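The structure under discussion appears below in the form of structure tokens.
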Amino acid sequence: MTFDGDRWAHLGHKRGECYADTDQGITYVHIPKNASSFIKGCLLGSQKFTYSLSLVKNNRYLVVLRDPIDRWVSGMAEYESNSKQTNIAYQQITFDDHTETQWYFLDGVILDQCDFIMINDSFKDNLAHWFNEQGYITDINNATKSNSSQGTAKESLKSKYQAIVDTVPAFVLKLKKHFADDYALINRVKFYGN
């Protein structure tokens, strides 16, 4: 899938934004709301990765994916918090880079060269194992979890949007249709770890 332009660059997350280790030929592809702030801390902690505003073509890519509806709930909390808007007509679904499809951020990435890690209960263990296997020294267990909504106003906003998902089945179907390409990707790729 190819997209024209970069419709969200003015908000801060540019398509192609990444961290690259050119010595090992590995690029981490940044997808907002996919533990990207946490991973950024791990990558910088390894002292091997450098930031780039445009995609660095490499031999391998690290891509973290997340359940699209879970990501949308978190993204809506981020959007409402950042925009200071209330009573958002959430049926629009995509409002910014935090609610955009994950596919959008993979434009130009060769999927057959990706190590995919899914955000699930084994995420930290899988990520730690991936770093170790590549020879990177970083302490994932003590990495700062920045941008976490726990204990913040965003946590109540997440609850608000989770309640919509939990109680409006017709809207869940609309979300699944909207994020069909993301679900197809998740079902197609082989994930690293458990």
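Tally Lys and Arg at +1 and Asp and Glu at -1 over the other residues with C-beta under 13 Å from the C-beta of I26: what net charge comes out?
-1
Report in % the part of the accessible area of the chain that belongs to carbon and sulfur, leaving out ligands and nucleic acids; probe 1.4 Å.
On the way: 4780 of 9860 Å².
Answer for the chain is 48 percent, counting heavy atoms of protein chains only.
Any idea of the accessible area per residue across the range 41-194, 1.4 Å probe, to the nearest Å²?
53
Mind listing the Cα extents of the range 148-189 along all three principal axes, in Å, largest one first?
The Cα atoms of the range 148-189 stretch 35, 25, 12 Å along their principal axes.
When averaged across all projection directions, what area in nm² does the alpha-carbon convex hull of the range 1-104 cover?
Result: a mean projected hull area of 7.2 nm².
Give me the Debye-computed log₁₀ of I(q)/I(0) at q = 0.12, 0.15, 0.26 Å⁻¹ for the range 71-140, equal point scatterers on Cα only, no solvent, two decimals.
Each listed q maps to, in turn, -0.52, -0.73, -1.10.
Would you mind calculating the relative contact order of the chain from Cα pairs under 8 angstrom and at least 6 residues apart, reporting the percent as a whole number?
27
For Q47, what charge total do you get from the other residues with a beta carbon under 15 Å from its beta carbon, if Lys and Arg give +1 and Asp and Glu give -1?
Summing Lys and Arg as +1 and Asp and Glu as -1 gives -1.
Label T86 and I164 with points 7 Å out from Cα along Cα→Cβ: what is the distance between them in nm?
Result: 1.5 nm between the two label points.
Can you tell me which of 98-108, 182-192, 7-17 comes out highest on packing, and rank the rest after it, using the mean Cβ neighbours within 10 Å? Write down the numbers at each step before the final one.
Numbers: 98-108: 20.7, 182-192: 14.3, 7-17: 16.9.
Put in order of decreasing packing, that is 98-108, 7-17, 182-192.
For the range 90-107, what does the Karplus curve 6.51 cos²θ - 1.76 cosθ + 1.60, with θ = phi - 60°, yield as ³J(HN,Hα) per residue in whole Hz, taken in order and with x for Gly and Pro?
4, 4, 5, 6, 9, 10, 7, 5, 7, 10, 5, 5, 5, 3, 3, 7, 9, 4
Expressed as a fraction of 2.2 N^0.38 Å, the rule-of-thumb size for a compact globular protein of N residues, what is the C-alpha radius of gyration of the range 75-194?
That works out to 1.24 for the range 75-194.
Could you tell me the calculated FRET efficiency between V172 and D139, based on Cβ-Cβ distance and R0 = 45 angstrom, to the nearest 0.05?
Calculated value: 0.75.
About the Cα centre of the range 42-95, how large is the charge dipole given +1 on each Lys and Arg Cβ and -1 on each Asp and Glu Cβ? Please answer in debye to the nearest 20.
Computed about the Cα centre, the dipole is about 340 debye.
Using a simple charge model, +1 on the beta-carbon of Lys and Arg, -1 on the beta-carbon of Asp and Glu, nothing else, what dipole does the chain show about its Cα centre, in debye to the nearest 20?
With Lys and Arg at +1 and Asp and Glu at -1, about 280 debye.
The values are calculated or read from the model by the stated rules, or taken from the named source; none is laboratory data. Just so we're clear, the structure is a prediction, and the values are computed from it rather than from any experiment. Don't worry about glycine lacking a Cβ; one is built from the backbone with ideal geometry, like all the others, and counts go over all protein chains shown. Remember, those area values only see protein heavy atoms, side chains included, never the ligands or the DNA or RNA. Shrake-Rupley method; radii C 1.70, N 1.55, O 1.52, S 1.80 Å.
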